[in-house]
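Enquirer: Quick one: the structure is below, questions incoming.
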Amino acid sequence: MASLSVKPGQRYTLPDWQNHSLLISADAEQQRYNSHHVRQEGRALRNETGNQAKWDEHNSRTHLKDRINTVDRWRETLARCLADIDLEIDALTKVKEAAENALQAKNLCLDVAIECLTFRESRRDIDVVRDPVEEELLKEVKVIEKTKKELQQRVDDAFRQLCLLKEARQQLRSDHQHKVEALELDQQCMSFNPTSGNISFKVNPTRIPDGSTALHEWELNSQRNKERAEAEMKASVDLRGAITLSIAQTNNELDAQRIATEFALRKRMRDMEAALSELRWQEQNTLEEIADMEEEIRRLEEDIRKRTLDLKVAHTRLETRTYRPHIELCRDKAQYGLTDEVQQLEGIIRALQQKRTESQDALDALYRQLHRIRTDIGYKTNSLQLDNKCMDTRKKLVIPVEKFEPEVDAVNRTRNLPTKSQLELV
């Protein structure tokens with residue numbers, strides 16, 4: 001009788017089989033739970049890190065903008081200070097030249113006084129006396145030497161002050177240039193974005209570069225440069241006033257040793273010079289106003305061109321929207337907005353064109369007034385030259401050209417340069 005073949009091996013009980021299935025199900029459930037938890041954490045992390053990155057980039061961009069604004073304000077301040085110090089250097093240079101010219105003119109006066117004393121040494125016998133004329137000549141020599149010493153001191157002071165001004169200007173210029181370069185770099189940083197082609201990983205980018213300074217040191221340096229420049233400019237203005245006063249005083253002391261010129265003619269010439277100075281001042285202001293008006297007209301024309309381009313864009317948008325198909329061709333908010341924009345732009349352009357016409361009329365009036373001023377200057381200059389010819393007849397009162405000193409305004413930094421014929425005036 002045949003027997004049933006039984007495969008050898010371990011036999012599990014039914015409970016073992018059931019437990020094994022339950023264990024597999026439980027493990028699968030646990031793994032799915034773990035996976036879901038990891039996915040949720042990953043999603044939360046992505047949201048958190050994404051938001052954090054955006055806010056960090058926004059904060060960095062805001063800080064860059066604030067820094068750019070701060071540096072740009074200092075750049076503008078230093079630029080204005082540079083312009084002021086350049087004007088002050090030019091004004092002090094002119095005053096220094098005036099003092100040098102006045103000092104040089106005293107040499108001729110001294111030579112004349114000594115020559116007169118030498119001539120009087122040729123007197124004979126009883127005429128060799130210490131008379132009032134000789135006493136006045138000796139006094140004149142002492143006055144001239146005193147004024148020369150004072151003027152030389154003023155020239156030396158002006159030279160030293162010019163050196164200080166130029167040193168302060170060099171510091172300002174260096175600081176201004178550094179801020180211009182820093183602005184360019186920060187503006188370049190503002191332009192970077194994740195799609196820029198020139199971004200890459202850098203070696204240790206968070207390092208503190210050598211030579212770095214604290215923020216308060218940076219601001220203190222610029223403030224110190226500005227304050228020093230302002231202090232030097234103030235000292236220069238005071239010195240220019242002192243030099244101008246010294247020139248006037250020394251000339252007055254020398255003029256006290258001479259015979260005054262004819263009063264009426266001198267007064268007339270002073271009045272003419274004052275009128276010429278006023279006309280030249282009006283001419284300069286008119287020229288400045290003409291330049292400002294021409295610049296304003298140019299800006300108006302530029303704005304008209306820009307608004308015209310904006311109007312073209314609005315027209316094109318309106319025209320393009322007319323090709324919307326069927327029911328899409330509706331008068332929506334965009335249509336009303338574009339229509340309003342066209343009307344506003346047309347009104348703006350008309351107003352700008354009207355203002356340009358008014359500005360051009362004002363400019364034409366300024367040119368006519370400038371012509372009148374220059375014509376009047378020519379008349380008065382001719383009158384002054386005629387009065388000067390009258391002075392030529394008084395040969396004993398003619399003053400050498402070297403004695404003339406330019407009039408320098410210590411406040412407005414202006415210098416009135418006379419014609420050759422005016423140099424003989426007292």
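Enquirer: Considering each residue of the range 133-188, count those that are of a type outside the set (D, E), open to solvent by less than 60 Å² (accessible area, probe 1.4 Å) and within 30 Å of H63 (Cα to Cα), and give that number.
Expert: 7
Enquirer: Could you list all residues from the range 325-345 that are open to solvent by 70 Å² or more (accessible area, probe 1.4 Å) and assigned to a helix (DSSP H, G or I)?
Expert: H326, I327, E328, K333, Y336, D340, Q343, Q344
Enquirer: Now, a different point. Answer yes or no: is there a residue in the range 35-58 that is out of contact with any Asp or Glu (no Cβ under 8 Å at 6 or more places or on another chain) and either surrounded by 12 or more Cβ atoms within 10 Å (Cβ to Cβ) or in contact (Cβ under 8 Å) with a residue 40 or more places away in the chain (or both).
Expert: Looking for residues that are out of contact with any Asp or Glu (no Cβ under 8 Å at 6 or more places or on another chain) and either surrounded by 12 or more Cβ atoms within 10 Å (Cβ to Cβ) or in contact (Cβ under 8 Å) with a residue 40 or more places away in the chain (or both), one finds at least one in the range 35-58, hence yes.
Enquirer: Among what's in the range 283-307 and is surrounded by 15 or more Cβ atoms within 10 Å (Cβ to Cβ) and not acidic (D, E), pick the residue that is farthest from the chain's Cα centre (by Cα).
Expert: Among residues in the range 283-307 that are surrounded by 15 or more Cβ atoms within 10 Å (Cβ to Cβ) and not acidic (D, E), the one farthest from the chain's Cα centre (by Cα) is R307.
Enquirer: Consider only pairs whose beta carbons are under 9 Å apart and that are at least six residues apart or on different chains; among these, list those whose first residue lies in the range 183-195 and is within 10 Å of I68 (Cβ to Cβ) and whose second residue is surrounded by fewer than 10 Cβ atoms within 10 Å (Cβ to Cβ).
Expert: Within 9 Å, no pair qualifies.
Enquirer: Looking at (1) within 24 Å of the chain's Cα centre (by Cα); (2) open to solvent by less than 40 Å² (accessible area, probe 1.4 Å); (3) of a type outside the set (A, V, I, L, M, F, W, C), find the lone condition where G241 falls short.
Expert: Answer for G241: the failing condition is (1).
Enquirer: Considering the range 53-78 alone, what residues qualify as being at pLDDT 85 or above and polar (S, T, N, Q)?
Expert: Those that are at pLDDT 85 or above and polar (S, T, N, Q): N59, T62, N69, T70, T77.
Enquirer: Evaluate the range 63-79: report whether one residue or more is touching a residue at least 40 places away in the same chain (Cβ under 8 Å), farther than 19 Å from Q171 by Cα and either open to solvent by 50 Å² or more (accessible area, probe 1.4 Å) or within 11 Å of the chain's Cα centre (by Cα) (or both).
Expert: Yes.
Enquirer: Assess whether I208 counts as being surrounded by 10 or more Cβ atoms within 10 Å (Cβ to Cβ) and part of a loop (DSSP other than H, G, I, E, B).
Expert: On the way: surrounded by 10 or more Cβ atoms within 10 Å (Cβ to Cβ): no; part of a loop (DSSP other than H, G, I, E, B): yes.
No, not satisfied.
Enquirer: Among (1) assigned to a helix (DSSP H, G or I); (2) open to solvent by 90 Å² or more (accessible area, probe 1.4 Å); (3) at pLDDT below 85; (4) not hydrophobic (A, V, I, L, M, F, W, C), which single condition is T118 missing?
Expert: Tallying (1) assigned to a helix (DSSP H, G or I); (2) open to solvent by 90 Å² or more (accessible area, probe 1.4 Å); (3) at pLDDT below 85; (4) not hydrophobic (A, V, I, L, M, F, W, C), T118 fails exactly one: (2).
Enquirer: Quick one: which of A99, A91, A83 is open to solvent by less than 60 Å² (accessible area, probe 1.4 Å), without any contact (Cβ under 8 Å) to a residue 12 or more places away in the chain, at negative phi and out of contact with any Phe, Trp or Tyr (no Cβ under 9 Å at 6 or more places or on another chain)?
Expert: Answer to the check: A83.
The values are calculated or read from the model by the stated rules, or taken from the named source; none is laboratory data. Computed from a prediction, not measured in an experiment: that's the story for all the values here. For neighbour counting, all protein chains shown are included, and Cβ atoms are generated from backbone atoms with ideal geometry for every residue, glycine included. The area values use the complete protein model at the heavy-atom level, side chains included, leaving out ligands, DNA and RNA. Shrake-Rupley method; radii C 1.70, N 1.55, O 1.52, S 1.80 Å.
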